[in-house]
Amino acid sequence: MFKKIASVQPFAENNLVLWFVDGETRLVDALEIIKNHEGYEALDDPELFRSARLAAEGYGVSWDNGLDMGCKELYECGTQINVVDLEGQRLISGVVEARHEKGLSQAKLASAAGVKQPVVARLETGVNSPRLDTLLKVLTPLGKTLKVVDLG
């Protein structure tokens with residue numbers, strides 16, 4: 001199966017997020033590349049792995065040491081993901097971790113944020129997607145905010 005890559009982004013723990021021109025998104029683990037493709041052991045180096053970039057107008061990905069891999073092989077190494085769900089889970093984990101670091105209960109965080117405790121509970125369990133203003137209210141007492149950044 002041939003799928004041209006629209007964008008590539010190194011992601012946490014030596015993974016790549018690949019967006020294909022048809023809209024599909026796949027997560028590729030470096031270990032899968034190393035295990036299944038001879039000569040790619042150098043990708044075990046996290047710094048080298050993070051140098052991944054789109055190559056050949058979307059027909060592959062290349063790295064700073066001259067390694068490259070075609071879109072077909074990358075597609076086959078990858079697992080289909082929903083980036084919105086993935087980032088949502090990471091955001092929720094960050095809120096829970098920050099609350100624990102501050103030593104706050106859900107009720108105390110809710111009070112400091114000016115929301116009700118069930119709002120914090122629903123946010124932390126991912127039951128509902130919070131409104132942006134609610135999320136910012138909850139983040140502020142934690143000393144956090146949102147920022148648009150590269151995936152990674």
* Asked: Does Glu97 satisfy the criteria of being farther than 21 Å from Pro10 by Cβ, loosely packed, with under 13 Cβ neighbours inside 10 Å and more than 20 Å from the chain's Cα centre (by Cα)?
  -> no
* How many residues does the stretch 52-74 contain that are loosely packed, with under 15 Cβ neighbours inside 10 Å, of a type in the set (Gly, Ala, Ser) and farther than 20 Å from Asn36 by Cβ? -> 1
* Structure fact -> Among the residues of the stretch 101-125, the number that are assigned to a helix (DSSP H, G or I) and either exposed (fewer than 11 other Cβ atoms within 10 Å of the Cβ) or of a type in the set (A, V, I, L, M) (or both) is 11
* Report, by residue number, each residue of the stretch 126-152 that is of a type in the set (S, T, N, Q) and either without any contact (Cβ under 8 Å) to a residue 12 or more places away in the chain or assigned to a loop (DSSP other than H, G, I, E, B) (or both). => Asn128, Ser129, Thr145
* All but one of (1) more than 20 Å from Asp85 (Cβ to Cβ); (2) in contact with a Ser or Thr (Cβ under 9 Å, 6 or more places away or on another chain) hold for Leu123; which doesn't? -> (1)
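Computed from the coordinates by the stated procedures, all read-outs in this text should not be read as laboratory data. Note that the structure is a prediction, hence the values are computed from the model and not measured. We place every Cβ from the backbone using ideal geometry, glycine too, and count neighbours over all the protein chains shown.
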